[in-house]
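Engineer: Before I ask anything, here is the structure I am working with.
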Amino acid sequence: AHTETVIDLAGRLARIEIASLKVVDLGGGVVRVEAVATNPGQLPSHTKMAVRTKARLPVRLELETGDGVELVTGYPVKTSGRLEAQTGTLKAEWLVRAKPGATITVRALTENAGTAGMSHSVQKGGSR
């Protein structure tokens, strides 16, 4: 009985996912990167007390730069104190100079709800 309860609780924990990664070619080697991280779990990523006391690092959505990917505007990291259960989202948008064939990678990181990543390869002559 205890094992079933623990397994059920583990299934409800917060977990982070990249819900979408959209890369739009703006011309001149510049692309707009839009990313959304979500928490499909049944519990929030952080308790309200953890946010208030800053006991844990915030949820982070990060754009990886280098290897043909250069940030043009914004900061490479967007943060949120917590992602609510099932409805919590963290959105970020960046303008990036990317060489054809470069890979744009976005990662979502938390201390207690896991990590997730998604990549998109920049095509010559435009992106989706």
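The values are calculated or read from the model by the stated rules, or taken from the named source; none is laboratory data. Nothing here was measured: the structure is a model prediction, and the numbers come from that model. Ideal geometry is used to build each Cβ from the backbone, glycine not excepted, and the neighbour counts take in all protein chains shown. To get the accessible areas, we keep the full protein, side chains included, count just its heavy atoms, and leave off ligands, DNA and RNA. Shrake-Rupley method; radii C 1.70, N 1.55, O 1.52, S 1.80 Å.
Engineer: Determine whether the stretch 42-59 contains at least one residue that is in contact (Cβ under 8 Å) with a residue 60 or more places away in the chain and closer than 21 Å to G11 by Cα.
Structural biologist: yes
This table checks each residue for (1) modelled with pLDDT of 95 or more; (2) not charged (D, E, K, R).
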| site | (1), (2) |
| --- | --- |
| E62 | yes, no |
| T65 | no, yes |
| R82 | no, no |
| Q86 | no, yes |
| G117 | yes, yes |
| R128 | no, no |
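Engineer: Exactly one condition in (1) touching a residue at least 60 places away in the same chain (Cβ under 8 Å); (2) part of a strand (DSSP E or B) is false for E70; which is it?
Structural biologist: Going through the list (1) touching a residue at least 60 places away in the same chain (Cβ under 8 Å); (2) part of a strand (DSSP E or B), E70 breaks only (1).
Engineer: Among residues belonging to the stretch 73-101 that are touching a residue at least 60 places away in the same chain (Cβ under 8 Å) and among the small types (G, A, S), point out the one that is nearest to S121 (Cα to Cα).
Structural biologist: A98
Engineer: Any idea which residue in the stretch 1-24 is modelled with the highest pLDDT, counting only those that are open to solvent by less than 60 Å² (accessible area, probe 1.4 Å) and of a type outside the set (A, V, I, L, M)?
Structural biologist: Out of the qualifying residues, it is S20.
Engineer: Tell me, which residue of the stretch 69-84 that is closer than 16 Å to E111 by Cα and among the hydrophobic types (A, V, I, L, M, F, W, C) is surrounded by the most Cβ atoms within 10 Å (Cβ to Cβ)?
Structural biologist: L83
Engineer: Quick check: anything in the stretch 103-121 farther than 23 Å from L13 by Cα, charged (D, E, K, R) and either in contact (Cβ under 8 Å) with a residue 24 or more places away in the chain or not in a loop (DSSP other than H, G, I, E, B) (or both)?
Structural biologist: No: the stretch 103-121 contains no residue that is farther than 23 Å from L13 by Cα, charged (D, E, K, R) and either in contact (Cβ under 8 Å) with a residue 24 or more places away in the chain or not in a loop (DSSP other than H, G, I, E, B) (or both).
Engineer: Could you please let me know if L43 is in contact with an Asp or Glu (Cβ under 7 Å, 6 or more places away or on another chain) and of a type in the set (A, V, I, L, M)?
Structural biologist: Considered against the rule, which asks whether it is in contact with an Asp or Glu (Cβ under 7 Å, 6 or more places away or on another chain) and of a type in the set (A, V, I, L, M), L43 comes out as no.
Engineer: Taking T110 as the residue in question, decide whether it is within 12 Å of the chain's Cα centre (by Cα), at negative phi and at pLDDT 95 or above. Before you say what the answer is, go through the steps one by one.
Structural biologist: Working: within 12 Å of the chain's Cα centre (by Cα): yes; at negative phi: yes; at pLDDT 95 or above: no.
In short, no.
Engineer: Now a separate question. Run T53 past the list (1) open to solvent by 60 Å² or more (accessible area, probe 1.4 Å); (2) touching a strand residue (DSSP E or B) at 6+ places or on another chain (Cβ under 8 Å); (3) not small (G, A, S) and report the number of the one that doesn't hold.
Structural biologist: (2)
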